[in-house]
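Take a look at the structure set out below.
The values are calculated or read from the model by the stated rules, or taken from the named source; none is laboratory data. Keep in mind that this is a model prediction, so the values were computed, not measured. Here Cβ is always computed from backbone atoms with ideal geometry, including for glycine, and neighbour counts include all displayed protein chains.
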Amino acid sequence: MYRKLQDWVACWVRAGTVLPHAVRPVAKAQFLSNWAAVVLIFAAVATCGSLSLPAWAENPDISSRRAVERTDFADGEIKDGFYKIALRAELQFDRRVERIRKFDEPVRVFVINRGAPDRRAEITKIVADIRAHVQYLDLAMTDDRQAANLIVTLVYKRDLEQTIRSHYGYEKARQIQQSLDPQCLSGIGKDQSYRIRRAEAILPVDDGEFSFYDCAYEELLQALGLINDDRSVPWTMFNDAVQMGFFDVYDEYLVNILYDPRVRPGMNKRELDRVLPEVLPTVRAWVTGATAVGAEPRGGSNPSMARRAFARRSMKTHTD
């Protein structure tokens, strides 16, 4: 069912963090331009639906995935996925390091719309949904581009190649197109302390509703620091063979661990081993009890559907 990834080629993009992935039938990739950091490359594969529905009705591809979503995880399953996804990168171009990368300041998202349909409202919903489900993450939209440290550019699919060239220059755009055939992009730039200082995403808006939501959730969450894809973790959207279109429970665990204040930029596995026994109970209590009062509906869902989903999550139990 899934097409093998084609010839992953290392691309140095002005010393940044690079996040490509490909999909069938729609390829999606991620990149960053001008921020000082080591270059990392990692990949994921996704299958995208194409049905478009009104804003009040949840996309059926999302609903079907939500209906079979697993919500109970042992501590070991959560920690194993966190180590693989938050510490690693698929390809890395200098001395290999496994460190935590995260924002340590408020994250402000600015949207540039250059396509139709206008999906700025969907980005606002996705940002609100992520914020409502992550306890210590200060994430919000902004109308001030200068105040933003995460820029989302929305484009027509046909304009993606030109947008890549305008961001990265002709030669690097040619390398990207030849190596990855990308159809959406995002990336992060970190400093010497592994703090993410800047992130960006380029998302096509006219390739179907499920495709947009699946791409937008994964790109925005990876821009927050979950930068690896790993096929051995079957419950996460950061798996080449998994497509969600919504913020699933397992990934809620991962993002909440990442943004717990006891988990600091630059930490390695040994340091995480010391703090995770304290962090996990806090994260479990938050994810289990979160009702996201006032949050925007997920994935185009209506409010009553969202409340039922939240209620289902609040009653779940966990095993060690």
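Taking only pairs six or more apart or across chains, which ones have beta-carbon atoms under 8 Å, a first residue in the stretch 239-260 that is at pLDDT 95 or above, and a second residue that is surrounded by fewer than 23 Cβ atoms within 10 Å (Cβ to Cβ) and of a type in the set (Phe, Trp, Tyr)?
Partner pairs satisfying both residue conditions: TYR253/PHE73; ASN256/TYR136; ASN256/TRP286; TYR259/TYR136; ASP260/TYR136.
Tell me which residues, restricted to the stretch 252-284, are among the polar types (S, T, N, Q) and surrounded by 15 or more Cβ atoms within 10 Å (Cβ to Cβ).
If the condition is that a residue be among the polar types (S, T, N, Q) and surrounded by 15 or more Cβ atoms within 10 Å (Cβ to Cβ), then ASN256, THR282 are the ones that fit.
Restricting attention to the stretch 54-89, and to residues there that are surrounded by 14 or more Cβ atoms within 10 Å (Cβ to Cβ) and in contact with a Pro (Cβ under 9 Å, 6 or more places away or on another chain), which single residue is modelled with the highest pLDDT?
So the residue we want is ASP75.
Could you count how many residues in the stretch 213-239 are in a helix (DSSP H, G or I), touching a helix residue (DSSP H, G or I) at 6+ places or on another chain (Cβ under 7 Å) and not aliphatic (A, V, I, L, M)?
2
How do the strands (runs of 3 or more DSSP E) wholly within the stretch 90-199 filter down when requiring 2 or more residues that are at pLDDT below 90 and closer than 30 Å to GLY289 by Cα: which remain?
Those strands (runs of 3 or more DSSP E) do not exist here; none qualify.
Return yes when ARG231 is surrounded by fewer than 20 Cβ atoms within 10 Å (Cβ to Cβ), at pLDDT 95 or above and either aromatic (Phe, Trp, Tyr) or closer than 21 Å to LYS84 by Cα (or both) and no when it is not.
It is false that ARG231 is surrounded by fewer than 20 Cβ atoms within 10 Å (Cβ to Cβ), at pLDDT 95 or above and either aromatic (Phe, Trp, Tyr) or closer than 21 Å to LYS84 by Cα (or both).
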